[in-house]
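Step one of this worksheet: look at the structure below.
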2 protein chains.
Amino acid sequence: MIVPVAIDGRAGTAGSTSATARKSKASQGAPGAPPARRTRRVRMTGKERREQLLDIGRTLFAERGFEGTSVEEIAHKAGVSKPVVYEHFGGKEGLYAVVVDREMRMLLDLVTSALTGGHPRELLEQAAFALLDYIEQSTDGFRILVRDSPVAQSTGTFASLISDIATQVEDILGLEFKQRGFEPKLAPMYAQALVGMVALTGQWWLDVRKPKKADVAAHLVNLAWNGLSGLEPKPRLIGHRKA
Amino acid sequence: MIVPVAIDGRAGTAGSTSATARKSKASQGAPGAPPARRTRRVRMTGKERREQLLDIGRTLFAERGFEGTSVEEIAHKAGVSKPVVYEHFGGKEGLYAVVVDREMRMLLDLVTSALTGGHPRELLEQAAFALLDYIEQSTDGFRILVRDSPVAQSTGTFASLISDIATQVEDILGLEFKQRGFEPKLAPMYAQALVGMVALTGQWWLDVRKPKKADVAAHLVNLAWNGLSGLEPKPRLIGHRKA
DNA sequence: TGCCATACTTACGTCGCCGTAGGTTACGGA
DNA sequence: TCCGTAACCTACGGCGACGTAAGTATGGCA
């Protein structure tokens, strides 16, 4: 039996939530409390609710995957009933699509803006940093992107959405290859290799969190640039970053 | 309504199937044919059926994932009814567990046996080759391992089963690091990076299949060993391989 | 003060799928 | 030829999840 406990505490995660908590005559909103009459229902604007649902959905999709997450659960965590979700997104796939789209955009923006101008090595450094940044600030999103989406499976060209990033790297690498007189047809492969290197290391870093982000980036660049044969013992970053 | 169409043609994929097809008075076993009376039922030994189910399960899990695959479908493709699956594996998870276990063993065997003796660069070369070999000969298995399993999610340390391979590489790398006077604590990270490089490239190679396997390996080694700064235009493999 | 759009609800219908209880067929040895 | 056992079946119970139809509160605005 689902008791309408209203807010679950995470109403403001989206940032733009101006918390329309009005006359909260309720029993303190304490979690787990049995219905001390009936908690005053929370009423958000469409936008607010939409953002909240996206936020919750992202979290749940990240930890349970698409199929493992139910609309009921999303709605329940938001303190509303199922039809609200259907009203906003038309269904589970709709919500998922928006979540994935946003994450893709964010990641692509970060990476592409990192891939502008400068020495190739610096580019590499910045790109690696960008991906680690993204992983750190939007862990759930990264988890979702790493998982294979139902969409990716149907379109079928790439197994993982992360691979799309590689196509960004291709161009830069292709240019560099041409200048050096290498076969530019090989650029995609090398791009995949580089992205794979950073992505899997990032995934691993999610669990361990041991070396600092900057150190991880430095070592990744070290490996990618110098190779195992010419590894520097104590690699340093060239770029100057605030974070 | 499920029509019992008996064999679906893939009975012998497991290799050890001695095809106990007896009096196949049936209507040629042609696919898609409406029940021309009722196809003569096929009766396998326990072992045969078990192998067949594992084989079918592997295929389906690879293309639809664990949750996306139903026991009914597996049974149907095998030309039997559901309880047979339950008889053999106790349920979907049981079957899945066996499939994953076998694949893990196979991959680990291949990789570890490739990681014995020789110059580090040669080791790298052989390991890369081993992974590509595995991907080629057991594509479905690789797809399953790349996906996140329900098991991996509960134990939680690693997001992807592929990452387990990296722990194998750690030791070798750690030794090498010590000899060179590097911080051996960094070995895990570099291992992850290397495995990620090869794994994602392999995944990409699954779809494209453009450069030959040996070429892919050569270029991977090229990148990992020489780094972007010292890339050779036409890398060659050291080792001598028959395949 | 009364109205109406917006936010939200309860209550179903339905479908797919897991897992099991109990019965049936065929193979192979005595 | 008979019989036991291994292989297999039909049929059901039940649950969880998607999606919808129809009704209810609430807050701004004429």
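The values are calculated or read from the model by the stated rules, or taken from the named source; none is laboratory data. In this text the structure is predicted, and so the values were computed from the model without any measurement. Positions of Cβ are generated from backbone atoms using ideal geometry, with glycine treated the same way; all protein chains shown enter the neighbour counts. Areas reflect the complete protein model, heavy atoms only, side chains present, ligands, DNA and RNA absent. Shrake-Rupley method; radii C 1.70, N 1.55, O 1.52, S 1.80 Å.
Averaged over B:215-228, how many beta carbons belonging to a partner chain fall within 10 Å of each residue's beta carbon?
So the per-residue partner count for this stretch is 5.
How much accessible area is lost when chains A and B come together, counting both sides, with a 1.4 Å probe, in Å² rounded to the nearest 100?
4100 Å²
Please give the net charge around A:LYS234, taking every other residue with its beta carbon less than 12 angstrom from that of A:LYS234, where Lys and Arg add +1 and Asp and Glu add -1. Mind dumping the intermediate values first?
On the way: positive: A:ARG236; negative: A:ASP215, A:GLU232, B:GLU183.
With Lys, Arg at +1 and Asp, Glu at -1, the net is -2.
Using a probe of 1.4 angstrom, how much of the accessible area of segment B:186-243 is carbon and sulfur, in percent?
Numbers: 1300 of 2380 Å².
The nonpolar share, carbon plus sulfur, comes to 55 percent.
Find every distance from the label point of A:GLY118 to the corresponding label point in the other copies (7 Å from Cα along Cα→Cβ) and write them in nm, one decimal, shortest first.
From this label point to the equivalent ones elsewhere in the assembly: 3.8 nm.
For a quick protection proxy, order the peptides B:212-221, B:49-58 by their average other-Cβ count within 10 Å, most packed first.
On the way: B:212-221: 20.6, B:49-58: 22.2.
Going from most to least packed, we get B:49-58, B:212-221.
If the chain between B:GLN179 and B:ARG64 were fully stretched, how many nm would it gain, using 0.36 nm times the residue separation less the Cα-Cα distance? All intermediate terms of the calculation are to be shown ahead of the outcome.
Details: separation 115, 0.36 × 115 = 41.40 nm, distance 4.58 nm.
My answer for the length gained is 36.8 nm.
So what is the accessible area of segment B:101-226 per residue, in Å², with the probe set to 1.4 Å? Don't skip to the answer; put the middle values down first.
Values: 5090 Å² over 126 residues.
Value for segment B:101-226: 40 Å² per residue.
Which whole number gives the average, over all residues in B:62-71, of C-beta atoms from other chains lying within 10 Å of the residue C-beta? It would help to have the intermediate numbers written out before the result.
Values: counts 0, 2, 1, 7, 3, 4, 4, 0, 0, 0.
Taking all residues of B:62-71 together, the mean is 2.
Just tell me which aspartates and glutamates come within less than 12 Å, Cα to Cα, of B:LYS82; anything on the same chain fewer than 8 places away is out.
Once the sequence-local aspartates and glutamates are set aside, what remains near B:LYS82 is B:GLU72, B:GLU73.
Please work out whether segment B:101-226 counts as rounded, prolate or oblate from its C-alpha gyration tensor, where a ≥ b ≥ c are the square roots of the eigenvalues and a/c under 1.5 means rounded, while otherwise a/b larger than b/c means prolate and anything else oblate?
On the way: a/c = 1.82, a/b = 1.15, b/c = 1.57.
Here segment B:101-226 falls in the oblate category.
On a full-extension model of 0.36 nm per residue, what is the gain between A:LEU108 and A:ARG236, subtracting their alpha-carbon distance, rounded to one decimal in nm? Write down the numbers at each step before the final one.
Working: separation 128, 0.36 × 128 = 46.08 nm, distance 2.58 nm.
Result for the pair: 43.5 nm of gain on full extension.
Can you list, shortest first in nanometers, how far A:ILE238 lies from the same residue in the other copies, with each label 7 Å from Cα toward Cβ?
Counterpart label points of A:ILE238 in the remaining copies fall at 3.0 nm.
Taking the axis about which chain A rotates onto chain B, which residue of A lies nearest it as judged by Cβ position, and how many whole Å separate them?
A:GLY227, 1
If the limit is 20 Å between Cα atoms, which of B:LYS212/B:LYS234; A:LYS212/A:LYS234; A:LYS92/B:LYS92 go over it? Intermediate values should be presented prior to the final figure.
On the way: B:LYS212/B:LYS234 14 Å; A:LYS212/A:LYS234 14 Å; A:LYS92/B:LYS92 25 Å.
Among B:LYS212/B:LYS234; A:LYS212/A:LYS234; A:LYS92/B:LYS92, the Cα-Cα distance tops 20 Å for A:LYS92/B:LYS92.
Excluding A:PHE177 itself, calculate the net charge of residues whose Cβ lies under 11 Å from the Cβ of A:PHE177, where each Lys or Arg counts +1 and each Asp or Glu counts -1.
With Lys, Arg at +1 and Asp, Glu at -1, the neighbours total -1.
Which positions within segment A:181-197 get 50 Å² or more of their accessible surface covered by the other protein chains, compared to the chain by itself, with a 1.4 angstrom probe?
Residues losing area: A:PHE182, A:MET189, A:TYR190, A:GLN192, A:ALA193.
When we measure straight from the Cα of A:LYS178, which aspartates and glutamates land under 20 angstrom away, once same-chain ones fewer than 8 places off are left out?
A:GLU122, A:GLU170, B:ASP215, B:GLU232
In terms of the Cα gyration tensor, with a ≥ b ≥ c the square roots of its eigenvalues, is segment B:166-237 rounded because a/c is under 1.5, prolate because a/b exceeds b/c, or oblate? Can you show the working numbers first?
Values: a/c = 2.87, a/b = 1.64, b/c = 1.75.
Oblate is the answer for segment B:166-237, as a/c is 1.5 or above yet b/c matches or exceeds a/b.
To make sure I understand the rule: partners must be aspartates and glutamates, Cα under 19 Å from the Cα of A:LYS77, and not fewer than 8 residues away in the same chain. Which ones qualify?
Cα-Cα hits under 19 Å: A:ASP8, A:GLU48, A:GLU51, A:ASP55, A:GLU63, A:GLU67, A:GLU87, A:GLU93, A:ASP140.
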